[in-house]
Amino acid sequence: MGDPGAGAVLEDDAVSASGRAPSPSAGATRAPGMKRAHFRFYAELNDFLPRARRGVTFLHEFRGGPSVKDVIESLGVPHTEIDLILADGESVDFSWILRDGARVSVYPVFESIDVAPLARVRPAPLREVRFVLDGHLGRLARYLRMLGFDARWRADAADDEIAGVAAAEHRIILTRDSGLLKRRIVTHGYRVREADPRRQLVEVVRRLDLFRAFAPFRRCLRCNDLLETVRKEDVVADLPPRVRERHDAFRRCPSCRRVYWAGSHHRRMERLVSDLLAERARPSAEGAAGDAGAPGHEDREPRRGA
Ligand SMILES: [Zn+2]
C-alpha cells in the first residue's frame with residue numbers, strides 16, 4: 001500500500017483536476033443550493049472509482065443533507081468495503097450528514113494502516129470468520145472449505161438469500177458483484193477482484209489475514225459440514241481395496257456420507273496450504289489499480305447430487 005497511514009489525513013492533498021476545475025473563486029459559480037465536499041479514498045477502495053479519481057482528492061457537489069454513506073455509495077463504493085471515515089480529521093459513522101466544505105477520507109476494511117485509536121464505523125469485527133459466497137464463486141468455496149473455513153455456497157442462490165444468510169448468520173459475503181454489497185442489510189462483505197479461483201483464494205486469505213486461521217481437512221468439500229471421525233470397521237465395506245490396505249484413519253461427512261482419508265487428495269491440500277504459507281512471506285502486489293469492473297470468467301459449478 002502506498003498510503004503512508006493515518007497521518008496522510010492531515011496532509012493538504014492537491015485537489016485533482018479530474019472533475020470541475022477548482023479555483024478560489026469557484027464558489028461564486030456554483031448553482032444555487034449546491035454544496036461541495038472533498039473526498040479521498042484509500043488503497044483498494046480506488047478500484048471502484050473512475051481512473052481520474054483514484055488516489056487523489058476530488059471535489060464532489062451535492063444538495064441538501066445526505067448521509068455520508070449515501071454519498072459514498074453514489075460515488076460507486078459499497079459501504080461494506082469501508083472501515084473508517086474521517087471528516088475533517090474526526091472519525092464519523094455512516095449516518096453522519098455531509099456538510100459543505102468537508103474533507104472526507106475513506107479507508108477500506110482490512111486496510112493495514114494503524115487506525116486503532118480512532119473509532120471505526122463497525123461495532124466489532126466478526127469473531128469467527130464465516131463466509132457465504134455468491135453463485136459464481138463455487139471453486140473458491142471449495143478451496144476455503146479445504147482450509148477448514150465455514151463457506152456456504154449454492155450455485156443458484158439469489159442475491160436476497162445471500163444477503164439474508166449473511167445477516168442472520170454473521171457471515172462475510174464474498175462476491176464479484178459490488179451491487180450485492182450495497183444492500184443495507186449487508187454489514188460485512190468483500191468484492192473479490194481476481195478471476196482465477198486459486199488466485200481468488202490467495203487474495204481473500206491475504207486481505208482478511210487468515211493465515212493463522214487455517215484448520216485444513218475438517219470440512220466436507222461438497223456440503224461444508226464438519227467431518228466426523230469414524231472407525232475403520234464402520235466404513236471398510238465401502239472402501240476400495242487399496243485404500244482398505246493402506247489407511248487406518250477415516251472421517252465422514254454426516255450429510256453426504258462421503259468418506260475422507262489421507263490419500264492423494266489430502267496431499268494436494270497439504271501442498272495448497274504450504275503454498276499459501278509461502279505466499280504470506282511474499283510482499284503483496286498492490287498499488288495496481290486493477291480492472292474494477294471486468295466480469296472475468298464464470299466458474300459456476302453445476303449443483304452436485306450427493
Ligand atoms: Zn458432505
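The values are calculated or read from the model by the stated rules, or taken from the named source; none is laboratory data. None of these values were measured; they are calculated from a predicted model. Here the Cβ positions follow ideal geometry from the backbone for every residue, glycine too, while neighbour counts run over all protein chains shown. When the accessible area is computed, the model is the full protein with side chains, heavy atoms only, and any ligands, DNA or RNA have been set aside. Shrake-Rupley method; radii C 1.70, N 1.55, O 1.52, S 1.80 Å.
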- Message: Please go through the range 50-66 and give me each residue that is open to solvent by 20 Å² or more (accessible area, probe 1.4 Å) and in contact with a strand residue (DSSP E or B) (Cβ under 6 Å, 6 or more places away or on another chain), ordered by number.
- Response: Leu59, His60, Glu61, Gly65
- Going through the range 203-235 one residue at a time, which ones are modelled with pLDDT of 90 or more and more than 16 Å from the ligand (Cβ to nearest atom)? Arg231, Lys232, Glu233, Asp234
- Query: Being modelled with pLDDT under 95, farther than 21 Å from Arg199 by Cβ and among the small types (Gly, Ala, Ser), is that true of even one residue in the range 123-133?
  - Reply: yes
- Message: Given (1) touching a residue at least 24 places away in the same chain (Cβ under 8 Å); (2) closer than 18 Å to His79 by Cβ; (3) surrounded by fewer than 19 Cβ atoms within 10 Å (Cβ to Cβ); (4) not polar (S, T, N, Q), identify the lone condition not met by Val132.
- Response: (3)
- Identify the residue in the range 29-43 that is open to solvent by 10 Å² or more (accessible area, probe 1.4 Å) and outside any strand (DSSP E or B) and, among all such residues, is modelled with the lowest pLDDT. Thr29
- Item | Residues of the range 129-156 that turn out to be under 13 Å from the mean Cα position of the chain (by Cα) and basic (Lys, Arg), as a count | 1
- First in the range 244-256 and more than 16 Å from the ligand (Cβ to nearest atom), second anywhere and part of a loop (DSSP other than H, G, I, E, B), Cβ under 6 Å, 6 or more apart: His247/Trp261
- Item | Qualifying residue in the range 143-152 (condition: of a type in the set (Gly, Ala, Ser) and open to solvent by less than 30 Å² (accessible area, probe 1.4 Å)) | yes
